[in-house]
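Here is the structure we will look at, set down as structure tokens.
The values are calculated or read from the model by the stated rules, or taken from the named source; none is laboratory data. The structure presented is a predicted model; accordingly, all values stated were derived computationally and were not measured. Because the Cβ atoms are built from the backbone with ideal geometry, glycine has one as well, and the counts that use them run over all protein chains shown. Heads up: the accessible areas ignore ligands, DNA and RNA and are worked out on the full protein's heavy atoms, side chains in. Shrake-Rupley method; radii C 1.70, N 1.55, O 1.52, S 1.80 Å.
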Amino acid sequence: MSAAPGWYPDPEQAATLRYWTGTVWTEQRAPAAAAPVATRPTRETWLAYVLLIFLGGFGVHRFYLGDTAVGVTLLLLTIIGWATAAFAIGFLFVGVVWVWIIVDLFLVPGLVRQANSRR
């Protein structure tokens, strides 16, 4: 039993395809197409800034950049801070988050470069 008719890698020439009739090879040849390269989307600096400015306290910009541990830390600090704000200790947590956000304003371009180089 033989393979179905169709284009197959040429047994005689590398990087070419040859047509198999089901019983014999024909003289029809075609260049083999290069395998498609899967590209992942790159992270955008402007979007990281928008997420930082509007949702920075929740760590969304860090989740976007692939830093899930830092994103979770920011999220937890914000939740704990606002949950304990009535006891005044919560403002310490919220203050740490705000300082972190201000520092991230300067770090975003480098973080985006790192995220894109990991991809």
List the number of the failed condition for Leu47; all other conditions in (1) over 30 Å from Asn116 (Cα atoms); (2) in contact with a helix residue (DSSP H, G or I) (Cβ under 8 Å, 6 or more places away or on another chain); (3) surrounded by fewer than 17 Cβ atoms within 10 Å (Cβ to Cβ) hold. (1)
Checking the condition outside any helix (DSSP H, G or I), among the small types (Gly, Ala, Ser) and open to solvent by 70 Å² or more (accessible area, probe 1.4 Å), which residue from Ala3, Ala86, Ala33 passes? Ala33
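Within the stretch 58-113, can you find the residues that are of a type in the set (A, V, I, L, M, F, W, C) and touching a Lys or Arg at 6+ places or on another chain (Cβ under 7 Å)?
Going residue by residue through the stretch 58-113, those that are of a type in the set (A, V, I, L, M, F, W, C) are 58, 60, 63, 65, 69-70, 72, 74-77, 79-80, 82-83, 85-89, 91-94, 96-103, 105-108, 111-112.
Matches in the stretch 58-113: Leu65, Val70, Leu74, Val112.
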Return only the number of the condition from (1) open to solvent by 70 Å² or more (accessible area, probe 1.4 Å); (2) β-branched (Val, Ile, Thr); (3) modelled with pLDDT of 95 or more that Thr39 does not satisfy. (3)
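Could we say that Thr21 is under 30 Å from Pro109 (Cβ atoms) and among the polar types (S, T, N, Q) here? Show your work before the answer.
Numbers: under 30 Å from Pro109 (Cβ atoms): no; among the polar types (S, T, N, Q): yes.
No, not satisfied.
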Any residue at all in the stretch 93-106 that's open to solvent by 90 Å² or more (accessible area, probe 1.4 Å), at pLDDT below 95 and not aliphatic (A, V, I, L, M)? no
Any residue in the stretch 8-35 that is of a type in the set (Val, Ile, Thr) sitting within a Cβ distance under 8 Å of a residue that is open to solvent by 60 Å² or more (accessible area, probe 1.4 Å) and assigned to a loop (DSSP other than H, G, I, E, B)? List the pairs, counting only those 6 or more apart or interchain. Thr21/Pro5; Thr23/Ser2
Give the residues of the stretch 36-61 that are part of a helix (DSSP H, G or I) and touching a residue at least 40 places away in the same chain (Cβ under 8 Å), sorted by residue number. Thr45, Ala48, Tyr49, Leu52, Gly56, Gly57, His61
Any idea how many residues of the stretch 69-82 are open to solvent by 80 Å² or more (accessible area, probe 1.4 Å) and at pLDDT 95 or above? 2
